[in-house]
Amino acid sequence: MNTEFSEILKNVRALLKVYEPPLVAKKDTEKGYELWTTKEVSIGGRTYPDLFFAAATVQKNFVGFYYFPLYCNPELKAKLHRDLIKNLKGKTCFHLKKDEKDLYKHIESALKIAFTFYKKQKWV
């Protein structure tokens, strides 16, 4: 595995671990880390036993930072730093290719925004 990608994963994992608990890690390996809620959640008339929060996974050419709150509330995108948004590919996946300290600050801020949103919804 690319050493820079290992470093990116390590740094994003540290940012995610701040939320464990109350969130739980469903995946914690050398290639990825995933956080989920533990509460039953109802969204759009459907009930789920838990809800995905965020993750970091090493891919072939990048580390994917998966930020599920954007699926639940696309308006959260307006609160994210433009330098983080530049890395958004698709709806909720940010492609991280370089070990950049400023980017971690933006991810940390995004996670705070997301956690606050989840708490407001009573999903945490």
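Any idea how many residues of region 94-124 are in a helix (DSSP H, G or I), touching a helix residue (DSSP H, G or I) at 6+ places or on another chain (Cβ under 8 Å) and farther than 30 Å from T3 by Cβ? So the count comes out to 3. Flag set for K122, criterion: basic (K, R), more than 15 Å from the chain's Cα centre (by Cα) and open to solvent by 80 Å² or more (accessible area, probe 1.4 Å).
Restricting attention to region 72-89, report how many residues are under 19 Å from L51 (Cβ atoms) and either in contact (Cβ under 8 Å) with a residue 60 or more places away in the chain or loosely packed, with under 14 Cβ neighbours inside 10 Å (or both).
Residues of region 72-89 that are under 19 Å from L51 (Cβ atoms), as a first pass: 72-77.
Retained after the next criterion (residues that are either in contact (Cβ under 8 Å) with a residue 60 or more places away in the chain or loosely packed, with under 14 Cβ neighbours inside 10 Å (or both)): 74-75.
Residues flagged as under 19 Å from L51 (Cβ atoms) and either in contact (Cβ under 8 Å) with a residue 60 or more places away in the chain or loosely packed, with under 14 Cβ neighbours inside 10 Å (or both) within region 72-89 amount to 2.
Condition first: part of a strand (DSSP E or B) and more than 21 Å from K119 (Cα to Cα). Now tell me which residues in region 23-32 satisfy that. Quick ask: steps written out before the conclusion?
Residues of region 23-32 that are part of a strand (DSSP E or B), as a first pass: 24-29, 32.
Of everything in region 23-32, those that are part of a strand (DSSP E or B) and more than 21 Å from K119 (Cα to Cα) turn out to be K27, D28, T29, G32.
Determine, yes or no, whether E4 is outside any strand (DSSP E or B), open to solvent by 60 Å² or more (accessible area, probe 1.4 Å), farther than 20 Å from A110 by Cβ and among the acidic types (D, E). Spelling it out, E4 is indeed outside any strand (DSSP E or B), open to solvent by 60 Å² or more (accessible area, probe 1.4 Å), farther than 20 Å from A110 by Cβ and among the acidic types (D, E).
Restricting to region 1-16, name every residue that is closer than 20 Å to I113 by Cα and touching a residue at least 12 places away in the same chain (Cβ under 8 Å). Can you show your working first?
Restricting attention to region 1-16, the residues satisfying the condition of being closer than 20 Å to I113 by Cα are 11-16.
Of everything in region 1-16, those that are closer than 20 Å to I113 by Cα and touching a residue at least 12 places away in the same chain (Cβ under 8 Å) turn out to be N11, V12, R13, L15, L16.
Applying the condition of being part of a helix (DSSP H, G or I) and of a type outside the set (A, V, I, L, M) to region 7-22 and asking which residue is surrounded by the most Cβ atoms within 10 Å (Cβ to Cβ) yields N11.
Annotation note: of T29, T38, T92, the sole residue that is more than 20 Å from Q121 (Cα to Cα) and among the β-branched types (V, I, T) is T29. Restricting attention to region 30-48 and to residues that are free of Cβ contacts under 8 Å to residues at least 12 places away in the same chain and touching a strand residue (DSSP E or B) at 6+ places or on another chain (Cβ under 9 Å), the residue that is farthest from L103 (Cα to Cα) turns out to be T47.
So, in region 90-99, of the ones that are of a type outside the set (K, R) and over 16 Å from R13 (Cβ atoms), which residue ends up surrounded by the fewest Cβ atoms within 10 Å (Cβ to Cβ)? Explain how you work it out, then say what you get.
Our first condition is that a residue be of a type outside the set (K, R); within region 90-99, this holds for 90, 92-96, 99.
With the extra rule that they be over 16 Å from R13 (Cβ atoms), the set shrinks to 90, 92-93, 95.
Working: G90: 10, T92: 20, C93: 18, H95: 15.
Among them, the one singled out is G90.
Working only within region 35-61, note down all residues that are under 15 Å from the mean Cα position of the chain (by Cα) and either aliphatic (A, V, I, L, M) or on the phi > 0 side of the Ramachandran plot (or both). Across region 35-61, the qualifying residues are L35, L51, A54, A55, A56, V58.
Give region 23-53 a look and list any residue that's of a type outside the set (A, V, I, L, M), touching a helix residue (DSSP H, G or I) at 6+ places or on another chain (Cβ under 9 Å) and exposed (fewer than 13 other Cβ atoms within 10 Å of the Cβ), or say none. Answer for region 23-53, where residues must be of a type outside the set (A, V, I, L, M), touching a helix residue (DSSP H, G or I) at 6+ places or on another chain (Cβ under 9 Å) and exposed (fewer than 13 other Cβ atoms within 10 Å of the Cβ): just E30.
The values are calculated or read from the model by the stated rules, or taken from the named source; none is laboratory data. Just so it is clear, the model here is predicted, and its values are computed rather than measured. Cβ atoms come from the backbone with ideal geometry, glycine included; neighbour counts cover every protein chain shown. Just the protein is used for accessible areas: all its heavy atoms, side chains included, with ligands, DNA and RNA removed. Shrake-Rupley method; radii C 1.70, N 1.55, O 1.52, S 1.80 Å.
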